[in-house]
Structure formats: structure tokens, C-alpha cells
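**Q** My structure is below; once you've seen it, I'll send some questions.
The values are calculated or read from the model by the stated rules, or taken from the named source; none is laboratory data. The model shown is predicted, which means the values in this text are computed figures rather than measured ones. All Cβ positions, glycine included, derive from the backbone under ideal geometry; neighbour counts span all protein chains shown.
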Amino acid sequence: MLEVCVDSLHAAKIAVQAGAGRIELSEQLHLGGVTPSRELVRQVRDAIDVPLVVLVRSRPGNFCFEPHDRETMIAQSIDAIEDGAHGIAIGGLDQQNDLDDRFLRSLLALKLPCEWIMHRAFDSVRDPKSAIEQLIEIGFHRILTSGGPPTAIDGVDTLAQWVSWSQGRIEILPAGGINCDNAWDILARTGCGQLHGSFRSLDPLAKSSNLPDSTVIQKTLAVFNQLA
């Protein structure tokens, strides 16, 4: 499974046509992503035939949210599912860099028909092993993570450890700097069956584009076929 993060309708179409198995949609990817508009969610949902995950993040910056941010993100989560999303990528931390337990539990209490994904706020948690157990207990389905460092290849040994800890009770989705050149190492060393990334061109002259590169996606998917 290859999940491609995009911030436009055009990018979503490119990714799916190249073979992406799931889309994560946000806006302002250059700032780490914020909640996309309802109009964009609907446009992408109508244009693609693969599962759609919507990133819900009320603002860029840190992951320690004020009460009004939490209220906004609860409303945005409800809107995204009403607009056709299959999953919500969301997160929150407290001042001690532990999970914002009360906020995360309030999300699952909504009983929305969707998957819940802890986004890369997880890479800042103080005690990852305890946080994994906490997310499992709360009811999250997946953790989007690099293993702590900026890139998944640098956190690959930690990712493998977290996969072992989770014992199939929650999915670990490697993210951060993943492309066709390092996908083999990450998949083989972690045992994960999915990857997340923007999959932009490896050409330095084209890296400023927010659009995924079809060739990079297809070459990455070929790695899955080799490991199958």
C-alpha cells in the first residue's frame, strides 16, 4: 500500500493515476499541512476511487493545542467524514510531550465511521512505547511516523522495534523522506506493508513542486512487487 500526501486536486489525480492506493489530503504542505477546505475534500473524493484520509490540523506549528483548536478540529473531523473521507489523520500533545489523552478520546467518542490515524506529532512523544499502548487502548488504527528522526530511513531500526512492540494491534506507517531509492530498505528492515510520502521528483531542479512524480511512485510500487 502506497499512501501519497497531496494538497491539491491535480496532485491527487496524478498520484492515483500512477498507482497510489490511498490519498492523504491537506493544504499548505510546505508548512507541514493543515486541514483542507470542505470544497477540496469533496472535489478529491469525487475524482478518485481509492480511500481518502483527511489531515485535520487547525494551524501549523506545534501540536499542543488550545481548547478552541480542539473544538475546531472536532468539527473539522465531522465535516470531513460527512464529505466522504475514509480516515482522519490527527494528533495532539500536552506540555510534557505526552499524548493529549482527553482530546484523542473525545475524537473516538464521536463514533464516526472512519479510521483514526495518529499523525507525525507522534514523533515528538516523550515515551513512544507507552504512547503506542495508549493509542491502541483508545482505538486508533494507524500511526504515521518516521521513528523520531526527520526521515524514515534514519529511524528505520526504531520503526522495526515499534512494529515488534505493536504485534499487529495497530498499523505502523513509515513516513518522512521516502522514495524509490530507500523504499526497499525501509520495507525489508521494518516488515511494514505500507509507505507514506509526497513522492516528488528526485531531480533537484523539480523539487520545489508540490506535485507527486508519477515515475517515482511507479518505481516505489515496483519495490512492493519485488518483495511480494
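**Q** Spot the failing condition for I48; the list is (1) under 15 Å from H196 (Cα atoms); (2) at pLDDT 95 or above, and only one is missed.
**A** Among (1) under 15 Å from H196 (Cα atoms); (2) at pLDDT 95 or above, the lone unmet condition for I48 is (1).
**Q** Check off (1) surrounded by 14 or more Cβ atoms within 10 Å (Cβ to Cβ); (2) free of Cβ contacts under 8 Å to residues at least 60 places away in the same chain; (3) small (G, A, S) for G19 and give me the number that stays unchecked.
**A** (2)
**Q** Additional query: Taking the range 54-98, which residues are surrounded by 22 or more Cβ atoms within 10 Å (Cβ to Cβ), among the aliphatic types (A, V, I, L, M) and touching a Phe, Trp or Tyr at 6+ places or on another chain (Cβ under 8 Å)?
**A** Residues satisfying the conditions are M73, I88, I90.
**Q** Next up: Restricting the search to the range 104-120, which residues are surrounded by 13 or more Cβ atoms within 10 Å (Cβ to Cβ), aliphatic (A, V, I, L, M) and in a helix (DSSP H, G or I)?
**A** Correct list: L104, L107.
**Q** Moving to a separate point now. Go through D123, D101 for me and flag whichever is of a type in the set (D, E), surrounded by 16 or more Cβ atoms within 10 Å (Cβ to Cβ) and either farther than 18 Å from M73 by Cβ or modelled with pLDDT of 95 or more (or both).
**A** Only one candidate qualifies: D123.
**Q** Among the candidates T190, T220, T215, which residue alone is farther than 18 Å from G32 by Cα and out of contact with any helix residue (DSSP H, G or I) (no Cβ under 6 Å at 6 or more places or on another chain)?
**A** Result of the check over T190, T220, T215: T215.
**Q** Pairs, please: C-beta under 8 Å, at least 6 apart or cross-chain, first residue over 15 Å from M118 (Cα atoms) and in contact (Cβ under 8 Å) with a residue 24 or more places away in the chain and in the range 61-82, second in a loop (DSSP other than H, G, I, E, B) and among the β-branched types (V, I, T)?
**A** Hits for this filter: Q76/T35; Q76/V56; A80/T35; A80/V56.
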